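Shown next, in structure tokens, is the structure this report addresses.
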There are 2 protein chains.
Amino acid sequence: MLATAKIAKPKRYEEILVAAAECFQKQGFSATSIDTVARHLGATKGRIYHYFPSKVDLFNAVRDRAMELAFDGIREGYDAKLSPVERLHLMTLGHVKCMMLHHSYMQVLLDGLQMQRFGATTEFQREAMERHLHERNTFETWYREVIELGVAEGTMAVRSMSVTLQSFLVALNGPVFWYRPREGDGEEKLNAIAEEVVVFALKGLGIDAVPPISTISRGA
Amino acid sequence: MLATAKIAKPKRYEEILVAAAECFQKQGFSATSIDTVARHLGATKGRIYHYFPSKVDLFNAVRDRAMELAFDGIREGYDAKLSPVERLHLMTLGHVKCMMLHHSYMQVLLDGLQMQRFGATTEFQREAMERHLHERNTFETWYREVIELGVAEGTMAVRSMSVTLQSFLVALNGPVFWYRPREGDGEEKLNAIAEEVVVFALKGLGIDAVPPISTISRGA
DNA sequence: AGGCAAACATACTACTCGGTATGTTGTCAA
DNA sequence: TTGACAACATACCGAGTAGTATGTTTGCCT
């Protein structure tokens, strides 16, 4: 989380990453060829293989970047010195907006999670996979902590934590599946949709009246 | 919905369909070769191409079957002569159990929905795709109808129908993403998990106290 | 018995894709 | 000017893959 101290990657690297994310999102991993990504860049394979040793490594790089973005989306709420309900509200709002703003990356991320599908992966790939599952677990734990505080406090109601948490997360990830970014959508429109998703998810945890966030002072 | 009057398919056909569903689920469409499905059957390509004209047709057949199963899961609740809340409860319970029981088929179904990913599909494939989107739309409409009745009645609360409906459906589809079928799981264990998902989703619609279903008489 | 079609398996073709090896161009330091 | 190296493009190889064409077995009807 802090070991890689934001080493700025070269511009070309970032370009390839974005193009790869868009291709993987549209067509999935297997259906996306290196040449496809290259054409989408207006380049050839040479460029890509100059920056990434293999297709799997390119995919992992996209996945890692997506995970960073996801953590960035919920970190502020998680770190805030506020009540559990308010923290959860900030986290979920950041979460959903992240899903909508970085649509390509996030879809690749969720696809990658299902990628036990690889089945017979190399040992090196298995290492990347386990690292990814560990990050996923940390992500879930952040939510679990805050929700458990709310339950102890009596402001949230949960019967089975594991099942409810999964349902909760799926609802927050939902926009990746059904939301299509529209150019005409301004930030307010996006916020309105995100807020609707948040309200649904929070009500699922028994949080009825969602307090306005405008008056909340930034914590920590 | 009633045009194809349940023409019993040959046994071999069903075997191939099941094997294909399992392969498509594990590896996705592109990564699954016809030979993969054939090996999984202990056969060769000849068998598969004897029953299905192409790989895409095989995939569509799996998708269609999955859609039938999904409709079967919610039909009883939709047709029941009961209150909107009770109907919705039956629908969601059937929905979630269907997701868990027919895990492979349902994952292929949701994958297939995202398959604008095909991009350049043939015109014939586009026809199958549009038929699929139409069925998907009908499926959503069944839910929308019942929820609108509940809102009119005052027993459900929804701010934005479109966004809430999507969040609701994603939560119900959730088990496809996070539930792994365990051999040890008996029917009661499965029911318990399903009920937790249902409670979360219904609370999201503002339905707090979920009535017991055991006393409900079968309708229609 | 014999013939005939369904139900496959086998062999083959044209094509794609991941990866590598090699060629080419620009840039910068000595 | 001349290496030298980064930053690519191009050509190529081996391993699959969808689909086809053709062989082979099996059950059934007469």
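Annotation: peptides A:57-63, B:28-34, ranked by per-residue average of other Cβ atoms within 10 Å with the highest first, follow the order A:57-63, B:28-34. At the listed q of 0.09, 0.12, 0.14, 0.15 Å⁻¹, the Debye profile of segment B:58-204, built from one uniform point per Cα, gives log10 I(q)/I(0) equal to -0.30, -0.52, -0.70, -0.80. In chain B, the calculated helix contribution to ellipticity at 222 nm averages -23500 deg cm²/dmol per residue, counting -39,500 (n - 2.57) for every DSSP H run with n ≥ 4. Annotation note: trypsin sites (Lys or Arg not before Pro) in segment A:70-115 located in DSSP loop regions with a Cβ neighbour count of at most 13 within 10 Å are A:K81. Helices meeting the span-like rule in chain B (full DSSP H runs, Cα extent of at least 24 Å along the helix axis, mean Kyte-Doolittle score of -1.0 or higher): B:11-31, B:55-79, B:84-101, B:187-204. Remark: accessible surface ordering of B:E195, B:E153 (largest first) is B:E153, B:E195, probe radius 1.4 Å.
The B-A contact accounts for roughly 3200 square angstrom of buried accessible surface, both chains included, probe 1.4 angstrom. Peptide B:161-169 is shielded by partner chain Cβ atoms: per residue, an average of 6 of them sit within 10 Å of its Cβ.
Of all lysines in the structure, those lying under 19 Å Cα to Cα from B:K55, and not within fewer than 8 positions of it along the same chain, are B:K9, B:K26, B:K45. Taking a straight Cα-Cα cut-off under 15 Å and skipping sequence neighbours fewer than 8 places away in the same chain, the aspartates and glutamates within cross-link reach of B:K203 are A:E196, A:D208, B:E86, B:E195. By a 1.4 Å probe calculation restricted to protein chains, A:D79 has an accessible surface near 70 Å², given to the nearest 10. Starting from the label point of B:L133 at 7 Å along Cα→Cβ, the same points in the other copies fall at 3.7 nm, in ascending order.
Distances between copies at B:P53, taken between label points 7 Å from Cα along the C-beta direction, are 4.7 nm in increasing order.
The values are calculated or read from the model by the stated rules, or taken from the named source; none is laboratory data. The structure displayed is predicted, hence computed values, not measured ones. Quick reminder, even Gly has a Cβ in these numbers, built from the backbone with ideal geometry, and neighbours come from all protein chains shown. Remember, those area values only see protein heavy atoms, side chains included, never the ligands or the DNA or RNA. Shrake-Rupley method; radii C 1.70, N 1.55, O 1.52, S 1.80 Å.
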